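The values are calculated or read from the model by the stated rules, or taken from the named source; none is laboratory data. Just so you know, these numbers come straight off a predicted model, no measurement behind them. Cβ placement follows ideal geometry from the backbone for every residue including glycine, while neighbour counts extend to all protein chains displayed.
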Amino acid sequence: MRPTEQQHRDALRLHADRLARHLEGKLPADSWRPVRLSYGLYYQLDHTSHMQRIKLPGGRMSAEQLDVLADVSDRYGRGIGHFTTRQDLQIHWVPVEQIMDMYDQLLRVGITTRGACADSVRNVTGCPYAGVSPDEPFDVSPYILAVHEYFLFNPLNLTLPRKFKIAVEGCPLDCAQVPVNDIGVYAKMRGGQRGFMVYAGGGLGSQPFLAQFLTDFIPDTDLLIWCEAIVRVQHRHGERKNRSRARMKYVVKKMGLERFRQMVADEVARVTAERGAELRREVQEAVDLHRDPPPVKTPPAGGQAAPGFAVWKATNTHPQGQAGYRAAVVQLPLGDLTTDQMRVLARLAREFGNGSLRATDDQNVVLPWIAESSLPALHATLVASELGNPDVSTINDVVSCPGMDYCSLAITRSMGMAERIRAHLLDEGEEFAARLGVFGVKISGCPNSCGQHHVGDIGLTGHTVTEQDGVQRPYYSILVGGSVGEGRGRIGKRLGRYPEEAASAAVAALARYYERERRKAERFPEFVDRVGLPQLATVAEAGAKAAGA
């Protein structure tokens, strides 16, 4: 059953009561911690201020919702929002005394932060091109929302052994990164029937595991049955004493894949017998209610193209399945967006698109339903708002966690790495990134892999090294050749570790070498396999040494 507004209101009243008790000193910090985390409120680096994570299922937002997110970021943050690698929005420096007003404001436009942290089903991620991809078997949008809504008030939620992540993918690009999720599904068609291929047991962190194949096809209306069954297995068998071994990936490892598959199959049978008709009806209702209409008004067209338009169109737009339209990707440096820029994007979604936007797993925003004829005018407006950067999904579009600038767990300041890499490549010309093509650099400021460094073409993870003088200094370990995708998921191979100031030069050297030596249409993971780690390590080391000369 879809959660009602009354359920949300009742839960917030209980939350408000606990907050009041905490502020009065009647609920100690240790007892308040799981309560605040259940609604996505974290301590920041100084352990006195707070960060709020806001869930956006599948990254989907309406223009109205983005306007409210801008208002919330202004009123409760410091005028900046940060889009994450799981399609959430985070705002910083939130005063804990005002969170209930913030939650109320968000709920009025259909946004909840329930389960944005804690031992819960986290934000359900999905393809940001759902409904407009020319290559998708069908639109997975309603399925993303059905799974999200189903687990919000599920009795198992918020009492799991550890966080639990679900991804629903509909296009061949695997934008939702199925292999690194506890449950991941790919949309499939069989005999005219919609359905999903199911994987489970993936996750990154200090010990990365790729999700394991469970079954090649389930009917689409069985999706909640399978998700409920797999979550039950994790709830029952996940580690409860050692949190470092509490993710479902360790359940699969301990049981072995065949036993795990059988346990899931048995649980699917139980769930089907208990609630199968109800859960199938819930999925079907979500599909029947879903609407993602084209623009209702004729968008602006024509106008003088701004400088750089051709490159931007080539790297930042994708043809839709609907003739005459493209999806435009707005590149957000490291996922950051000012509230003024949020309002600009909301306005552009109304004026040029169909009033919807989607955050991506690589920290950008997609504006779907842009008429081909409107692209020059859209681009010119983006440029005027400092949102017209080209080179989406290239080496100039680095993915990064917030690092030491905000996070209490981080070891390095990962957010400065993108500019340092770009500085080392200036001699290659402004079009180097476009020539290099799709090339994912992903950075995490600590081993927890919030920046998903394990699956980047090049991944960097921050740590410290005690040098000969006895001083601990920040370093980056560099991984190469990671990837996601159906049948293509792989963890990057460790190349070496480099001082923080030399790591960007090593990455730039690897990029130059790849552009020079690759074969036609050779992806970087394939290049890594062909060339080999010893040669790539030599290239990276030479680049790092040259930068320090």
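Here are a few things to note about the model shown:
Rundown of residues vs (1) over 22 Å from the mean Cα position of the chain (by Cα); (2) farther than 29 Å from F309 by Cα; (3) of a type in the set (F, W, Y); (4) not assigned by TED's automatic domain parsing to the domain that holds S483, yes/no style:
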| residue | (1), (2), (3), (4) |
| --- | --- |
| A423 | yes, no, no, no |
| G429 | yes, no, no, no |
| G437 | no, no, no, no |
| K442 | no, no, no, no |
| V455 | no, yes, no, no |
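- Residue match in the stretch 236-246 (condition: crowded, with 19+ Cβ neighbours inside 10 Å, at pLDDT 95 or above and not in a loop (DSSP other than H, G, I, E, B)): no
- Of all residues making up the stretch 477-498, the number that are more than 25 Å from Y199 (Cα to Cα) and free of Cβ contacts under 8 Å to residues at least 40 places away in the same chain: 3
- Every pair of residues 6+ apart whose Cβ atoms lie under 6 Å, when the first sits in the stretch 517-536 and is under 15 Å from R490 (Cα atoms) while the second is β-branched (V, I, T): V528/V480
- Only one entry of G403, G485, G462, G451 meets the criterion of being out of contact with any Phe, Trp or Tyr (no Cβ under 8 Å at 6 or more places or on another chain), within 25 Å of L337 (Cα to Cα) and at pLDDT 80 or above, and that entry is G451.
Residues are listed down the side, and each one gets a yes or a no for (1) within 30 Å of F524 (Cβ to Cβ); (2) of a type in the set (S, T, N, Q); (3) surrounded by fewer than 21 Cβ atoms within 10 Å (Cβ to Cβ); (4) out of contact with any helix residue (DSSP H, G or I) (no Cβ under 8 Å at 6 or more places or on another chain):
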site	(1), (2), (3), (4)
V330	yes, no, no, no
L348	no, no, no, no
N354	no, yes, no, yes
A377	no, no, no, no
S385	no, yes, yes, no
N389	yes, yes, yes, no
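- Evaluation of D182 against (1) within 18 Å of I491 (Cα to Cα); (2) free of Cβ contacts under 8 Å to residues at least 60 places away in the same chain; (3) in contact with a strand residue (DSSP E or B) (Cβ under 7 Å, 6 or more places away or on another chain) (one fails), failing number: (2)
- Among the candidates V287, V268, V251, V296, the residue that is farther than 15 Å from A229 by Cβ, touching an Asp or Glu at 6+ places or on another chain (Cβ under 9 Å) and of a type in the set (V, I, T) is uniquely V287.
- Residue check for T125: surrounded by fewer than 24 Cβ atoms within 10 Å (Cβ to Cβ), of a type in the set (V, I, T) and either within 21 Å of Q363 (Cα to Cα) or assigned by TED's automatic domain parsing to the domain that holds K442 (or both): no
- Any hit, the stretch 299-319, residues being within 30 Å of W226 (Cα to Cα), basic (K, R) and either free of Cβ contacts under 8 Å to residues at least 24 places away in the same chain or outside any strand (DSSP E or B) (or both): no
- Of all residues in the stretch 183-193, none satisfies the criterion of being in contact with a helix residue (DSSP H, G or I) (Cβ under 7 Å, 6 or more places away or on another chain) and assigned to a loop (DSSP other than H, G, I, E, B).
- The listed residue being under 18 Å from C450 (Cβ atoms), at pLDDT 95 or above and surrounded by 24 or more Cβ atoms within 10 Å (Cβ to Cβ), out of A146, A176: A176
- Of the residues making up the stretch 141-182, those that are part of a loop (DSSP other than H, G, I, E, B) and within 22 Å of G324 (Cα to Cα) number 4.
- Test: residue in the stretch 108-116 that is part of a loop (DSSP other than H, G, I, E, B), surrounded by 24 or more Cβ atoms within 10 Å (Cβ to Cβ), among the β-branched types (V, I, T) and at pLDDT 95 or above: no
- Each residue in the stretch 252-288 was checked for being out of contact with any Lys or Arg (no Cβ under 7 Å at 6 or more places or on another chain), within 18 Å of T215 (Cα to Cα), touching a residue at least 24 places away in the same chain (Cβ under 8 Å) and of a type outside the set (K, R), and 8 of them qualify.
- Residues of the stretch 111-126 satisfying the condition of being within 15 Å of P161 (Cα to Cα) and either without any contact (Cβ under 8 Å) to a residue 24 or more places away in the chain or of a type outside the set (D, E, K, R) (or both): G115, C117, A118, S120, V121
- Selection of the stretch 325-365 for residues being within 21 Å of the chain's Cα centre (by Cα) and acidic (D, E) yields D336, D361, D362.
- One residue alone among D427, D529 is at pLDDT 95 or above and charged (D, E, K, R), and that residue is D529.
- Residue within the stretch 199-209 that is closer than 18 Å to E239 by Cβ, surrounded by fewer than 19 Cβ atoms within 10 Å (Cβ to Cβ) and more than 17 Å from the chain's Cα centre (by Cα) present: yes
To keep it simple, each residue is scored yes or no on (1) in contact with a strand residue (DSSP E or B) (Cβ under 9 Å, 6 or more places away or on another chain); (2) farther than 29 Å from R281 by Cα; (3) of a type in the set (A, V, I, L, M, F, W, C); (4) modelled with pLDDT of 95 or more.
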position: M1; (1), (2), (3), (4): no, no, yes, no
position: A29; (1), (2), (3), (4): no, yes, yes, no
position: G58; (1), (2), (3), (4): yes, no, no, yes
position: A63; (1), (2), (3), (4): yes, yes, yes, yes
position: R75; (1), (2), (3), (4): no, yes, no, yes
